[in-house]
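Worksheet: the structure to be examined is printed underneath.
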Amino acid sequence: MGKMLLRLIAFVTLLVSCLASSPPAHPTAVQADANEWTQHAHDPQRTSYSPEDISGPWRYKWQWNGADENGHGISDWVPMRALVQPITGGGRVYVVAGWVGGAPDKVYALAKSDGHVIWSAAPGGELSATPAYSDGYLFVASGNGTLYKLNANSGQTVGNFSADSSLETPPLVVGDRIYFTSRNGTLYAINKDTMSKIWTYSAGAQAATMPAYSASRNIIIFCDRELYVHAVDADGKRVWRVKPTNRAPFYGDIAGNMTANQASFDYGWPVVADNQGVVFVRLRLDWNTTWSGPGYGGSYPTTNAAIRQFLENNPGQQCLFALDLDDGSRAFTPAVGNSALEENSSQLIMGPQPAVRRLSNGKEVAYIIWRNGQVSPGSDGRWDSTMGEMVLDNSTVAGYQAGDLRFVRTQFIPTDESGPVTAAGNFVFHGHWLVMCSSDLGNRTGGDSYSNAIGQIGPYVIWAQAAGHECSFNANTRWCSSLYTKNDTRNFGAGFYVLYNDDERYRTSSDPYAFSYTSYVVVSDGMIIVKSIDGAIFVLEYESGQEPEDDPDLSLSSKRARTVAPHQGEAVTYDIILRNSGGPLTATTTVTDIIPSGLNYVSGSVTATMGTPYYVSGAIRWSGVLSTTPVMTLTYRVSVTAATPTLIQNTAVIDSGPFGILTRSSAIVANGYTAYLPVILRSY
């Protein structure tokens, strides 16, 4: 009798909770604000893409850790390491820097208005990776094996978590969890509020990369130093593990001596294209791949088909892999030969990671530097590279298959001078050891040849400028109509500069971590924020000239079960209701609802008031463009197969493209005990 009473109390409590919780007051969103760059590579998928429209005029705003009022390098400069990007949140820009004169490594909070230091803090240890911002807190990985939680308003340490070894790569924020890898190869999942462990997963080898997240599969992906790629589910269980290359592991440093049969994932990261079901991983390869192509001087073929065939015939030359998110198998072969930045004319460092952009129709494309013999016919492999737009399926662009690239108009990119790639709105940025260039893809027609490339060359920023070349120093604009680099007097046209007639500080630093080839552009909340090759933070602002439109808002969306206490054999109907209370949603929205154990889908029962619903591989899936439609209802039925009292909860993942991902859950109690409770009405 006592057990039955306890079950009755538990059931009534659960029933009241379920009836009162749709929609939840505080939905768990994977990406809180698409217009903030809150963690490394922008978002949990590590796409390096911001949806902000930056097509208006750009102007100089401020800089920090760069030049003084005369354009010369500041005396109290501090370098930044390779895996440090600036991030934003709560009205500030955050970076980590240090390693000079024995001073402790620090986190800096800079004002968005003018770049002044609001606070700096040294939580402890070597800080070599981008922090992550979420809900007013910063999460900072340290070489002493501690993940620190800092109050973003003050820099005060308010929590920490101790791992089994050093933390050298950026943490990942997904909803209420923080994921990160330790050097020993442990993937941690911790609660970001309590900083307590949820689970751990061991790779069985040292970790090489930070983790990335697939919302559509609810898995975390990272790479180890034995060249395996791991996919782990939300409970810490391995989903798949693959080694995509036939090369041997390399354990040296970022620019160490690598032989022709070795490779490394270090200083890269997985990049997830969720809509296309693909994760990209990139290897660092050896110096000789600069001349590895079959053409004159080692240059690459002139067509996608020929490039792909060359890479498949020579798998040791493949640097970029597209893996299926479901099982880790090869989804397709990207037609991308190896390119990177040279170090001391004897080694290549890690090449650029792809930047994944979701188009307005829901399709995804990836921007990456690729090699094609059309760029410089009859030359050698150091001159065959350019920017490309990769399609990820066989239908995005007519006549192209998954892994094919189209030419993007850009500044000349030598194969051994290919730096990081990021993107925002219609713009793609790529780093060079001298400059940061951009391409404007407002017009995406063409692209079938180097002479008929997509878009046009856009504005760019440059780090050093030679004096006496057509313009004088201007502290207010930092702009020149004809820029020349100081040391080898290359001309890149008009643009902005940090230093005037002065060397970048990496040239004069003896610190091996003042590494030169780690420039980035991040676009966040009205700013173009550049980390220069020597760690200066250089900020431009832009004016779109368009009236802002309210963002779409799906926060009122809900999921419900029409029956909350079914028995074995009974049917349960679920309703998933998408409610858009904001502006038009022109991107394709998707819903994924995996049916849990204890329930079976009733064949043919899924319907929707618009869009395309279907059942496949144990999941309900829907896709459509809501546009101005305020409400869409997706309905399906399941039968109860559980034979004992069972709490069954399943969750729908709603992906609204650049406007974020949220989840809605509903719980039922199968085969629960039923009771009738008296209702007493009191009159007054």
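The values are calculated or read from the model by the stated rules, or taken from the named source; none is laboratory data. As the structure is a prediction and not an experimental result, all values here were calculated from the model. Quick reminder, even Gly has a Cβ in these numbers, built from the backbone with ideal geometry, and neighbours come from all protein chains shown.
General remarks:
- Taking the criterion of being surrounded by fewer than 24 Cβ atoms within 10 Å (Cβ to Cβ) and of a type in the set (Ser, Thr, Tyr), the residues of region 379-408 that qualify are Ser379, Ser395, Thr396, Tyr400.
- Just one residue in the set Trp37, Trp62, Trp77 is closer than 30 Å to Leu341 by Cα, modelled with pLDDT of 60 or more and within 25 Å of the chain's Cα centre (by Cα); that residue is Trp37.
- Answer residue from region 168-225, given it is at positive phi and among the small types (Gly, Ala, Ser) and is farthest from the chain's Cα centre (by Cα) among those: Gly204
- Residues considered: Val356, Val365. Of these, the only one that is in contact with a strand residue (DSSP E or B) (Cβ under 7 Å, 6 or more places away or on another chain) and either at positive phi or free of Cβ contacts under 8 Å to residues at least 40 places away in the same chain (or both) is Val365.
- Matching option when the condition is farther than 30 Å from Thr586 by Cβ, within 24 Å of the chain's Cα centre (by Cα) and buried (at least 18 other Cβ atoms within 10 Å of the Cβ), among Ser339, Ser376: Ser339
- Residue in region 443-469 that is surrounded by the fewest Cβ atoms within 10 Å (Cβ to Cβ), counting only those that are at pLDDT below 80 and aromatic (Phe, Trp, Tyr): Tyr460
- Every pair of residues 6+ apart whose Cβ atoms lie under 9 Å, when the first sits in region 281-300 and is in the same structural domain as Gly373 (by TED's automatic domain parsing) while the second is part of a helix (DSSP H, G or I) and among the basic types (Lys, Arg): Thr290/Arg382; Trp291/Arg382; Gly297/Arg382; Gly298/Arg382; Ser299/Arg382
- With respect to being modelled with pLDDT of 95 or more, among the basic types (Lys, Arg) and under 30 Å from Ile620 (Cβ atoms), Lys149 falls outside the description.
- Applying the criterion of being among the small types (Gly, Ala, Ser) and assigned to a loop (DSSP other than H, G, I, E, B) to the residues of region 64-85, the residue that is surrounded by the most Cβ atoms within 10 Å (Cβ to Cβ) is Gly66.
- For region 100-137, the set of residues classified as buried (at least 20 other Cβ atoms within 10 Å of the Cβ), part of a loop (DSSP other than H, G, I, E, B) and among the polar types (S, T, N, Q) consists of Ser128, Thr130, listed by residue number.
- For region 303-336, a residue qualifies if it is under 21 Å from Leu227 (Cβ atoms) and more than 26 Å from the chain's Cα centre (by Cα), and the qualifying residues are Leu311, Glu312, Asn313, Asn314, Pro315, Gly316.
- Consider region 42-63 and keep the residues that are buried (at least 18 other Cβ atoms within 10 Å of the Cβ) and basic (Lys, Arg). The one that is farthest from Leu499 (Cα to Cα) is Arg46.
So that you can scan it fast, the table gives a plain yes or no per residue for (1) of a type in the set (Lys, Arg); (2) modelled with pLDDT under 95:
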site	(1), (2)
Val93	no, no
Lys106	yes, no
Leu110	no, no
Ile118	no, no
Pro123	no, no
Ala132	no, no
Asp135	no, yes
Gly145	no, no
Gly155	no, no
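- So Ile661, is it modelled with pLDDT of 90 or more and among the β-branched types (Val, Ile, Thr): no
- From Val140, Val173, residue being in contact (Cβ under 8 Å) with a residue 60 or more places away in the chain and either outside any strand (DSSP E or B) or assigned by TED's automatic domain parsing to the domain that holds Leu83 (or both): Val173
- Sole exception among (1) part of a strand (DSSP E or B); (2) under 24 Å from Asn218 (Cα atoms) for Ala587, by number: (1)
- Near pairs, Cβ below 7 angstrom, 6+ apart or cross-chain, from region 230-256 (under 24 Å from Tyr188 (Cα atoms) and outside the structural domain of Ser202 (by TED's automatic domain parsing)) to any residue that is assigned to a loop (DSSP other than H, G, I, E, B) and basic (Lys, Arg): none
- Residues of region 613-647 that are more than 20 Å from Arg560 (Cα to Cα) and in a strand (DSSP E or B): Val616, Gly624, Ser627.
- Scanning region 237-257 for residues that are at pLDDT below 90 and either among the aromatic types (Phe, Trp, Tyr) or surrounded by fewer than 18 Cβ atoms within 10 Å (Cβ to Cβ) (or both) returns Gly252, Asp253, Gly256, Asn257.
- Pairs are defined by a Cβ separation below 8 Å, a sequence spacing of at least 6 or placement on different chains, a first member in region 411-440 that is on the phi > 0 side of the Ramachandran plot, and a second member that is modelled with pLDDT of 90 or more; the pairs so defined are Gly425/Ser50; Gly425/Pro51; Gly425/Glu52; Gly425/Asp53; Gly425/Ile54; Gly425/Val523.
- The single condition among (1) within 22 Å of the chain's Cα centre (by Cα); (2) in a strand (DSSP E or B); (3) of a type in the set (Lys, Arg) that Arg46 does not meet is (2).
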